[in-house]
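Scroll down for the structure; my scribbles are underneath it.
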Amino acid sequence: MELILTASDWTATQTDAVVCFCYSDVPPPEELAGGLARELFTRQEFEGKSGETALLHRPAGIKAARLLLAGLGERAKANGPELRKAAATALRFLKAKGVHELLFILQAPVASEALLQAAVEGAVLGDFEADRYKTDPRKGEKRIDRVRFWVERETIPLVEALRRGRVVAEAQNFTRTLANEPGNALTPMKLGAAARQMAAEFGLGCEVLDEARLKQLAMGALLGVSQGSAEPPCLIVVRYTPAEAASGAAHLALVGKGVTFDTGGISIKPSDGMEKMKYDMSGAAAVLGAMRALAQLKPRIPVTAVAPCVENMPSHRAQRPGDIVTSYLGKTIEVLNTDAEGRLILADAITYASRLGCTHLVDAATLTGAVAVALAGVHAGLFSNDDALLGRIREAARRAGEKMWPLPLDDEYKDLLKSGFADIANIGGRYGGAVTAAKFIEEFVEGKPWAHLDIAGTAWLDDAKPHQAKGPTGVAVRTFVELAMAWS
Ligand code: BES
Ligand code: ZN
Ligand code: ZN
């Protein structure tokens, strides 16, 4: 999809459709489409509400074949997230109609760099479809080839904003593509190969530690999860190093859960809905997507992604409930439930990131069903042992337009993880499941500033929305990018 910034007269541009953003409390320009837009608005057939669209054919005074009005809601509340959503909705709506090229009008006040970036992201994210395995030869016919973004003046900061939007959204779509891969196609080693390929393409460092190496390092928690599977595990490490890193600067670790399929192991999951457990590597996919973007946007601090990758299977070799494993850090863990595997592999990966010299640890994981019980599919759960890091992440998430909500980590929760036979148990009982899972991980961060995103409820969309295809969402990529870019 070609993305073009233009300042030349949009009324004279030959294109399939022009998209004009409208507010619910500001009537569209009088002259637009010979007064038709205003008329629709006064008759309340198009109210400019968030998510609303109205299509006009052969609009008067405009060379384009169609004019689409796209609602942003109240002007005072319209912001980046609204514009991202409206741009995605408009693109998906027009794509479904067989339109191949379109033009977004970004007139003041939606003309800032941040808002242009949001609109570009909306267009690229809206174009995503999880249809890789559909063989319908006609699926390529509904395709957007070219999107123009009209601004009053073409400036260098706006050119840069367009590029940023494209880089970030393409990275998020890369994450979505990985997360959608079925367990038979994307095994841990295949995910390692995908990381290696991405790193080579974008000039990042990459190592994939294989099973023999993980045994040498004695990553007992990770290996215990993996032992029931015929697929060997791996630990992916992808490195970005800035051209001139200030000495003593922060070194950010992005750690992502990479369970390529989670059956639950011997504590097996019910079959209903188990097919979705292919997306249990969404955390790993998110940190790889973030690295793909960061390689191009070049933050000032070093960033290292670490993704522990395993398949969680029941078999004659599988880990048993009651097994005690020794983590890479040396703490012993009683595995009371083999389905609480994410925290086990993250524990070892976090120790590894810490030993690499990372100063700040941030992980993303589809960790608990409990986070979806608490926050539904709206917010990701956000946990941190460090107020400054928590503040940075909340601010990054706000700028990125990703919803995250802080949850507690008080010491009382640690008591729920007591084991009678080892240093810690891997489950905390019936209540506060998202918190006890986070509390478990905290036991492995050795006091370093750390934050955890539980994306189990937000990494997958069950039903398509006007602005978003069903399936993998690529959540956390944009926040990670903002977090690293804002660090100085
Ligand atoms: N991968 C699951 C969590 C999950 C649930 C992700 C739903 C996406 C959607 C995780 O490994 C798991 O099974 N967690 C258990 C923990 C429990 C055994 C303490 C859970 O949430 O039920
Ligand atoms: Zn599980
Ligand atoms: Zn899992």
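Considering only residues in the stretch 1-30 that are β-branched (Val, Ile, Thr) and assigned to a strand (DSSP E or B), the one that is surrounded by the most Cβ atoms within 10 Å (Cβ to Cβ) turns out to be VAL19. Is the stretch 130-144 home to any residue that is among the β-branched types (Val, Ile, Thr), modelled with pLDDT of 95 or more and buried (at least 19 other Cβ atoms within 10 Å of the Cβ)? Yes, there is a match, as at least one residue in the stretch 130-144 is among the β-branched types (Val, Ile, Thr), modelled with pLDDT of 95 or more and buried (at least 19 other Cβ atoms within 10 Å of the Cβ). Of the helices (runs of 4 or more DSSP H) lying entirely inside the stretch 175-227, those carrying at least 2 residues that are free of Cβ contacts under 8 Å to residues at least 40 places away in the same chain are 188-202, 211-217. If the requirement is being within 16 Å of ligand 2 (Cβ to nearest atom), more than 29 Å from VAL237 (Cβ to Cβ), surrounded by fewer than 19 Cβ atoms within 10 Å (Cβ to Cβ) and touching a residue at least 60 places away in the same chain (Cβ under 8 Å), which of these qualifies: VAL373, VAL378? That would be VAL373, the only listed residue that is within 16 Å of ligand 2 (Cβ to nearest atom), more than 29 Å from VAL237 (Cβ to Cβ), surrounded by fewer than 19 Cβ atoms within 10 Å (Cβ to Cβ) and touching a residue at least 60 places away in the same chain (Cβ under 8 Å). Please verify whether the stretch 392-406 includes one or more residues that are among the small types (Gly, Ala, Ser), within 16 Å of ligand 3 (Cβ to nearest atom) and either assigned to a helix (DSSP H, G or I) or under 16 Å from the mean Cα position of the chain (by Cα) (or both). For the stretch 392-406, residues among the small types (Gly, Ala, Ser), within 16 Å of ligand 3 (Cβ to nearest atom) and either assigned to a helix (DSSP H, G or I) or under 16 Å from the mean Cα position of the chain (by Cα) (or both): absent. Is it the case that the stretch 120-137 has a residue that's in contact with an Asp or Glu (Cβ under 6 Å, 6 or more places away or on another chain) and part of a loop (DSSP other than H, G, I, E, B)? No, the stretch 120-137 has no match at all. Just one of (1) under 35 Å from the mean Cα position of the chain (by Cα); (2) buried (at least 24 other Cβ atoms within 10 Å of the Cβ) fails for GLY51. It is (2). For VAL255, state whether it is closer than 17 Å to ASP348 by Cα, more than 12 Å from ligand 1 (Cβ to nearest atom), buried (at least 19 other Cβ atoms within 10 Å of the Cβ) and within 20 Å of the chain's Cα centre (by Cα). When the stated conditions are applied, VAL255 passes them. Looking at SER327, SER315, just one residue is surrounded by fewer than 18 Cβ atoms within 10 Å (Cβ to Cβ), within 20 Å of VAL259 (Cα to Cα) and away from ligand 1 (no atom under 16 Å from the Cβ), and that residue is SER315. You will find that of GLU201, GLU244, the residue that is modelled with pLDDT under 95, more than 16 Å from ligand 1 (Cβ to nearest atom) and surrounded by fewer than 17 Cβ atoms within 10 Å (Cβ to Cβ) is GLU244 and no other. Residues being within 16 Å of ligand 2 (Cβ to nearest atom), within 18 Å of LEU356 (Cβ to Cβ), of a type in the set (A, V, I, L, M) and in contact (Cβ under 8 Å) with a residue 24 or more places away in the chain are entirely absent from the stretch 230-241. Selection of first residues in the stretch 122-147 that are over 15 Å from THR89 (Cβ atoms) and of second residues that are in a strand (DSSP E or B) and modelled with pLDDT of 95 or more, restricted to Cβ pairs under 6 Å at least 6 apart or on distinct chains, gives the following pairs, ordered by first then second residue: ALA130/GLY471; ASP145/GLU101; ARG146/GLU2; ARG146/GLU101. A single member of CYS234, CYS206 is touching a helix residue (DSSP H, G or I) at 6+ places or on another chain (Cβ under 9 Å) and under 30 Å from ILE266 (Cβ atoms), and it is CYS234.
Scoring GLU412 on the criteria (1) under 24 Å from the mean Cα position of the chain (by Cα); (2) in a helix (DSSP H, G or I) leaves a single failure, condition (1).
If you scan the stretch 450-476, which residues turn out to be of a type in the set (Val, Ile, Thr) and either over 22 Å from VAL373 (Cβ atoms) or within 16 Å of ligand 2 (Cβ to nearest atom) (or both)? Listed by number, the list holds a single entry, ILE455. Scanning the stretch 448-488 for residues that are touching a residue at least 40 places away in the same chain (Cβ under 8 Å) and small (Gly, Ala, Ser) yields ALA451, ALA456, GLY457, ALA459, ALA469, GLY471, GLY474, ALA476, ALA484, ALA486, SER488.
Go through the stretch 427-443 and give me each residue that's over 30 Å from ASN180 (Cβ atoms) and either in a loop (DSSP other than H, G, I, E, B) or under 19 Å from the mean Cα position of the chain (by Cα) (or both). Listed by number, the residues that qualify are GLY428, GLY429, ARG430, TYR431, GLY432, GLU443. Near ligand 1 (Cβ under 9 Å from one of its atoms) and either touching a residue at least 24 places away in the same chain (Cβ under 8 Å) or of a type in the set (A, V, I, L, M) (or both) - does that describe any residue in the stretch 348-366? The answer is yes; a qualifying residue exists. Exactly one residue among GLY447, GLY474 is buried (at least 21 other Cβ atoms within 10 Å of the Cβ) and part of a loop (DSSP other than H, G, I, E, B), and that residue is GLY474.
Once the stretch 453-467 is narrowed to residues that are not in a strand (DSSP E or B) and not acidic (Asp, Glu), the residue that is surrounded by the most Cβ atoms within 10 Å (Cβ to Cβ) is ALA459. Whether a residue is touching a helix residue (DSSP H, G or I) at 6+ places or on another chain (Cβ under 8 Å), closer than 18 Å to ALA400 by Cα and surrounded by fewer than 16 Cβ atoms within 10 Å (Cβ to Cβ) was assessed, and GLU170 does not pass this test.
The values are calculated or read from the model by the stated rules, or taken from the named source; none is laboratory data. What you see is a predicted model, and the numbers here were worked out from it, not measured in a lab. Virtual Cβ from ideal backbone geometry, glycine too; neighbours counted across all protein chains shown.
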